[in-house]
Amino acid sequence: MRASETAELVFDNCRIHKDNLLGQEGEGFVQSLKILDGGRISIGALSLGISKGAYEASLKYAKERVQFGKPIASFQGISFKLADMATEIEASELLLHKSAFLKNNGEKVTTLGAMAKMFASESCVKIANDAVQIHGGYGYTKDYPVEKFYRDSKLCTIGEGTTEIQKVVISRNILK
Ligand SMILES: Cc1cc2nc3c(=O)[nH]c(=O)nc-3n(C[C@H](O)[C@H](O)[C@H](O)COP(=O)(O)OP(=O)(O)OC[C@H]3O[C@@H](n4cnc5c(N)ncnc54)[C@H](O)[C@@H]3O)c2cc1C
């Protein structure tokens, strides 16, 4: 995520012409929350992309890497990790597609978008972690892409609202 520049913005006595007002005056907070509904689907999609990259790299490596005379993919300890990865990717993709489909149809996706973001990002961290593990020592080096997936995955459980905040949003809505 090195291309994602993070900096402090300061607005001190900053006057803006009324023609440049975004949305309605006094509605900024509500408007920001509405933006988050869509933003969360985007972060979920970002998570899914990282997960797929980590899974594909792991699948390839597990078939190529030979230890004890066999490709490591033939060891159940590795193949079960790949099975979990593939399943969580499918589940994330379905949640994200449903959220995006409903949003495109003008429906409110506050709860579902939070669910999709939380599930896809938490799965992503787990999948990226397993990808490094499957690559063994090489997974920790820059020779393979999985160390980057591992670093990048963590932002997804934080940006556009942490996992804890998604749980606040989901529980508040289901308990209404
Ligand atoms: C590289 C980078 C890029 C970013 N890009 C974006 C972006 O594009 N868009 C965007 O919206 N944000 C972005 N963010 C900011 C991100 O959304 C915030 O960091 C995030 O929302 C968490 O807020 P905070 O850092 O103030 O953490 P805090 O609010 O201080 O939270 C600290 C911890 O306390 C927990 N916590 C806080 N309140 C509660 C609560 N009520 N119940 C339970 N636990 C709680 C949190 O879950 C977290 O574990 C980015 C951050 C980074 C690092």
Please work out which residue is farthest from the chain's Cα centre (by Cα), limiting yourself to segment 129-176 and to residues that are farther than 16 Å from Met115 by Cα and within 16 Å of the ligand (Cβ to nearest atom).
Lys148
Any chance segment 9-17 includes a residue that's surrounded by 10 or more Cβ atoms within 10 Å (Cβ to Cβ) and part of a loop (DSSP other than H, G, I, E, B)?
no
Just checking, which of Leu36, Leu48 is in a helix (DSSP H, G or I), touching a residue at least 24 places away in the same chain (Cβ under 8 Å) and within 13 Å of the ligand (Cβ to nearest atom)?
Leu36
Of a type in the set (Val, Ile, Thr), in a helix (DSSP H, G or I) and within 15 Å of His135 (Cα to Cα): is that true of Ile43 in this structure?
no
Among residues belonging to segment 64-75 that are of a type in the set (A, V, I, L, M, F, W, C) and assigned to a helix (DSSP H, G or I), point out the one that is farthest from Ser51 (Cα to Cα).
Ile72
Where a residue in segment 52-81 is touching a residue at least 12 places away in the same chain (Cβ under 8 Å) and farther than 15 Å from Lys148 by Cβ and its partner, wherever it lies, is outside any strand (DSSP E or B) and of a type in the set (Ser, Thr, Tyr), with Cβ under 7 Å and at least six apart:
Ala73/Ser79
Where in segment 76-176 are there helices (runs of 4 or more DSSP H), lying wholly inside it, with at least 3 residues that are touching a Lys or Arg at 6+ places or on another chain (Cβ under 6 Å) and at pLDDT 95 or above?
110-134
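The values are calculated or read from the model by the stated rules, or taken from the named source; none is laboratory data. Note that this is a predicted model, so its numbers are computed, not measured. Glycine also receives a Cβ, built like all others from the backbone with ideal geometry; neighbour counts cover every protein chain displayed.
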